[in-house]
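Participant: Before we start, here is the structure in question, set down as structure tokens.
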Amino acid sequence: MTDWIKKTAAELADALAAGEVTSVELTQAHLDRIAAVDGDATAGIHAFLHVDAEGALAQAAASDERRAAGAPLHPLDGVPIAVKDVLTTQGLPTTCGSKILEGWVPPYDATVVRRIKAAGLPILGKTNMDEFAMGSSTEHSAYGPTRNPWDQTRIPGGSGGGSAAAVASYEAPLAIGTDTGGSIRQPGAVTGTVGMKPTYGAVSRYGLVALANSLDQAGPVTRTVLDAALLQELIGGHDPLDSTSVDQPLPSLVDAARQGATGDLTGVRIGVITELSGDGWQPGVMARFQESVDLLVKAGAEVVEVSCPTFVHALATYYLILPAECSSNLAKFDAMRYGLRVVPDAAKNGGLPSAEDVMKATRDAGFGDEVKRRIILGTYALSSGYYDAYYGQAQKVRTLISRDFAAAFEKVDVLVSPTAPTTAFELGEKLDDPLAMYLNDLATIPANLAGTPGISVPAGLADEDGLPVGFQVLAPALADDRCYRVGAALEALLAAEWGGPLLAQAPAVEEIR
């Protein structure tokens with residue numbers, strides 16, 4: 001394995017600036033790694049749905065030319081990146097992991113993608129995901145599952161398992177994910193990577209194929225907290241094309257990460273969420289969480305228990321609001337305008353098929369089981385006579401959850417919990433039990449309902465299976481810098497304990513074939 005692919009994005013940026021390597025060399029090294037380990041739906045990591053080797057190398061060559069000419073450069077100019085296949089990319093397929101969009105090539109870039117291109121980062125390709133971001137394991141992709149680099153019999157989390165697995169397996173130093181109920185943070189937890197969900201509206205949603213408009217948020221997937229800060233500062237900021245975009249600058253995220261890396265948290269108040277522990281939480285997960293909390297205390301933080309009573313209702317609330325919004329959003333996939341079109345046999349219908357016949361056949365063939373399940377749930381929740389009883393009530397509970405956050409942040413600066421109740425489970429283990437699958441997002445969902453930022457940082461390996469555990473830090477809206485400060489502090493403290501980064505403890509990642 002080449003040394004360059006094991007470097008952090010910040011280290012690669014420094015090496016490019018110092019003339020130690022070219023962007024073409026870095027990009028080729030990562031493309032070679034993808035060719036060696038990614039495989040397909042039957043073998044390998046299968047983190048990518050589409051690899052754009054020609055385009056990435058052309059972008060890398062342009063970066064090298066800019067650097068040679070002495071042009072002003074973004075710090076990450078020339079560092080390769082992967083993009084989740086839910087963000088539109090002009091000239092590259094965007095399938096959202098669904099057969100209904102197979103082969104669709106958008107005519108425009110999402111704002112996040114446009115900013116990445118403007119900063120000069122070569123885009124390696126599009127990463128695998130649960131269909132339309134519906135899932136916690138990346139097993140609901142119409143193109144086959146992604147596998148966890150730590151153990152290829154296990155899931156890499158979801159819905160953004162492709163982005164997390166690409167970063168964990170050294171196929172990309174940076175990736176973009178999206179987080180609707182934990183789809184950046186939960187994959188980060190089970191793959192030993194860093195996943196950050198920014199404040200809702202802090203990163204533009206323009207060009208992000210919507211699952212649930214009030215919940216979706218794009219964010220960084222990286223191997224270090226500093227890399228995540230660098231990437232969020234690049235893709236974030238106000239966007240007039242997005243009506244939900246926040247027109248207010250955030251404090252410096254990179255400065256916060258660098259401050260946290262000193263390991264000093266003197267004066268920081270940290271609240272441990274009482275409701276996010278107990279029965280059903282894997283003992284190894286809780287052990288690593290408690291050890292991490294103890295380290296934060298040693299770093300000078302004040303730690304107290306904080307109760308957020310309505311968090312126990314977050315899962316039920318989410319699974320009423322999200323299906324309702326997805327039912328509305330996915331209505332546009334009707335076989336009339338773009339995407340898949342299945343025309344049923346006219347002979348079986350007594351003549352030419354109607355538009356309704358075509359729509360039925362297309363949606364039946366194009367959508368997977370999980371998408372159909374959520375559309376049905378959402379349509380029912382929005383139906384006449386049930387709207388107030390289900391969707392309306394869920395929105396009221398959502399308000400109570402936001403109030404619990406507000407009350408907690410009057411007492412503490414950040415809240416912490418394990419990112420997920422368990423480590424990565426085996427592929428296929430929960431496919432036939434949707435409710436068990438939904439429980440994986442128990443700790444991450446409240447932040448999406450309230451629009452607050454949250455980061456998952458690797459916290460070590462569980463005793464039971466030797467697989468990664470995630471530590472989640474939540475902060476008030478627009479206080480993303482607090483996530484980065486506390487996350488970077490924990491990262492530095494744990495690296496001192498481990499003698500290096502967590503991924504160095506993963507021989508399976510080094511030995512992937």
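Participant: For Cα pairs less than 8 Å apart in space and 6+ apart in sequence, what is the mean separation divided by the residue count of the chain, i.e. the relative contact order in percent? Present the calculation step by step, with values, prior to reporting the outcome.
Facilitator: Details: 1244 pairs, mean separation 90.3, N = 513.
Averaging sequence separation for qualifying contacts and normalising by length gives 18 percent for the chain.
Participant: In nm, to one decimal, how far is the modelled label at residue 40 from the one at residue 290, with both set 7 Å along Cα→Cβ?
Facilitator: With each label placed 7 Å out from Cα toward Cβ, I get 4.9 nm.
Participant: Longer than 25 Å from Cα to Cα, which of 84/396; 126/197; 332/430; 84/372 are they? Say none if no pair is. Present the calculation step by step, with values, prior to reporting the outcome.
Facilitator: Working: 84/396 32 Å; 126/197 19 Å; 332/430 30 Å; 84/372 22 Å.
Those over the limit are 84/396; 332/430.
Participant: Another question, then. Within a 10 angstrom radius of the beta carbon, how do 163, 327, 183 rank from fewest other beta carbons to most? Could the numbers behind the result be given before it?
Facilitator: Details: 163 40, 327 20, 183 37.
Fewest to most other Cβ atoms nearby, the residues stand as 327, 183, 163.
Participant: For residue 298 and residue 345, what is the calculated FRET efficiency with R₀ set at 60 Å and r taken between the beta-carbons, to the nearest 0.05? All intermediate terms of the calculation are to be shown ahead of the outcome.
Facilitator: Values: r = 70 Å, r/R0 = 1.17.
With R0 = 60 Å, the Cβ-Cβ based efficiency is 0.30.
Participant: For the stretch 98-156, what are Rg and Dmax over the alpha carbons, in angstrom?
Facilitator: Calculated on Cα positions, Rg and Dmax stand at 14.1, 38 Å.
Participant: OK, next. From the helices alone, meaning DSSP H stretches of at least four residues, give me the mean residue ellipticity at 222 nm for the chain, per-run term -39500 (n - 2.57), in deg cm²/dmol to the nearest 500.
Facilitator: Working: 17 runs with 192 residues, N = 513.
Roughly -11500 deg cm²/dmol at 222 nm, from the helical runs in the chain.
Participant: For the stretch 1-135, report the translational diffusion coefficient in µm²/s to the nearest whole number, using Stokes-Einstein at 25 °C, 0.890 mPa s, and a Kirkwood Rh over Cα pairs.
Facilitator: On the way: Rh = 15.5 Å.
It diffuses with D of about 159 µm²/s by this estimate.
Participant: Continuing with the same structure: For a Förster distance of 25 Å, can you work out the FRET efficiency between the beta-carbons of residue 104 and residue 373, rounded to the nearest 0.05?
Facilitator: Working: r = 23 Å, r/R0 = 0.93.
The value I calculate is 0.60.
Participant: Something else now. Measuring from label point to label point, each 7 Å out along Cα→Cβ, what is the residue 214 to residue 463 span in nm?
Facilitator: In this crude label model, residue 214 to residue 463 measures out at 4.3 nm.
Participant: Once label points are set 7 Å from the Cα along Cα→Cβ at both residue 312 and residue 68, what is their separation, rounded to one decimal in nm?
Facilitator: Distance between the two pseudo-spin positions: 6.6 nm.
Participant: Hey, fewest Cβ within 10 Å first, where do 99, 396, 197 land in order? Don't skip to the end; give the middle numbers.
Facilitator: Working: 99 17, 396 10, 197 34.
Neighbour counts put them in this order, fewest first: 396, 99, 197.
Each reported figure results from applying straightforward, stated rules to the coordinates on display, with no laboratory input. Keep in mind it's a predicted model, so treat the numbers as computed, not measured. Positions of Cβ are backbone-derived with ideal geometry, glycine not excepted, and every protein chain shown enters the neighbour counts.
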